[in-house]
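Provided herewith is a single structure, encoded as structure tokens, for subsequent inquiry.
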Amino acid sequence: MKNSTDTTGAFEKYPPALQEIIATAERGRDADWKLVDKRLPEIMKRHSGAEVAIGWARKKGLTNKESENIRDLAASMFVLYEDHLTGDDYKALHKVMQFDAKKPAGFRAACALFKHSKHDDEKKREEVMHVLERFSKDKDPIISKHAQKLLAQEKKEEQK
């Protein structure tokens, strides 16, 4: 079922649970994000669900130019993704981190890069840390606390 106004690709060939998460995130209300935050880990826990979700995130999510909410959802999927990322994944997440530098999608992209690029290029790692540093002072307490937690984790790892 393809909707002619569907810019997210949610209705192409994806399971109903993923379609629901995409549509919910696109609405972008606080209550919607609470539902996404609750349901997304369930989808990403199952290997097949995670692969389908990441496939959507790669194809439609990170590259969506119309909706920051969709880029945010896609980056959130990469935060929860347990497998290895491709070079294109890193590039796309980096692009979202830069494009949405002061928005939740940029924060989530930085979180995904933080998780998946522990031993990556030092310059890129510094850029991620700089973005997290900026978000550690964000007015949204959930974002700022999470950024502070990641920064503390990095500092602890550096001391080892």
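The values are calculated or read from the model by the stated rules, or taken from the named source; none is laboratory data. Owing to the predicted nature of the structure, the values given are computational and were not obtained by experimental measurement. Cβ: placed from backbone, ideal geometry, glycine included. Neighbour counts: every protein chain shown.
Which of the residues belonging to the range 25-39 are in contact with a helix residue (DSSP H, G or I) (Cβ under 6 Å, 6 or more places away or on another chain) and in contact (Cβ under 8 Å) with a residue 24 or more places away in the chain?
Passing the criteria: A25, E26, G28, V36.
Something else about it: Going by the structure shown, is A57 in contact with a Leu (Cβ under 6 Å, 6 or more places away or on another chain), at pLDDT 90 or above and within 26 Å of K123 (Cβ to Cβ)?
Considered against the rule, which asks whether it is in contact with a Leu (Cβ under 6 Å, 6 or more places away or on another chain), at pLDDT 90 or above and within 26 Å of K123 (Cβ to Cβ), A57 comes out as no.
Considering only the range 88-104, state which residues are farther than 15 Å from D72 by Cβ and either touching a helix residue (DSSP H, G or I) at 6+ places or on another chain (Cβ under 9 Å) or hydroxyl-bearing (S, T, Y) (or both). So that I can check it myself, show each step before the final result.
Residues of the range 88-104 farther than 15 Å from D72 by Cβ: 88-91, 94.
Answer for the range 88-104, where residues must be farther than 15 Å from D72 by Cβ and either touching a helix residue (DSSP H, G or I) at 6+ places or on another chain (Cβ under 9 Å) or hydroxyl-bearing (S, T, Y) (or both): D88, D89, Y90, H94.
Would you confirm, using the coordinates I've provided, whether G55 is part of a helix (DSSP H, G or I), over 16 Å from D37 (Cα atoms) and within 10 Å of the chain's Cα centre (by Cα)? Walk me through it before giving the result.
Values: part of a helix (DSSP H, G or I): yes; over 16 Å from D37 (Cα atoms): yes; within 10 Å of the chain's Cα centre (by Cα): no.
Answer is no for this residue.
Next up: How about the range 79-107: which of its residues are under 18 Å from S136 (Cβ atoms) and either under 11 Å from the mean Cα position of the chain (by Cα) or buried (at least 19 other Cβ atoms within 10 Å of the Cβ) (or both)?
V79, M97, D100, P104, A105, G106, F107, listed by residue number.
Something else about it: So, of the residues in the range 108-140 that are in a helix (DSSP H, G or I) and acidic (D, E), which turns out to be surrounded by the most Cβ atoms within 10 Å (Cβ to Cβ)?
Start the filter on the range 108-140 by keeping residues that are in a helix (DSSP H, G or I), which leaves 108-116, 122-135.
In the following step, the residues that additionally are acidic (D, E) were identified as 122, 126-127, 133.
Working: E122: 8, E126: 10, E127: 16, E133: 14.
Among them, the one singled out is E127.
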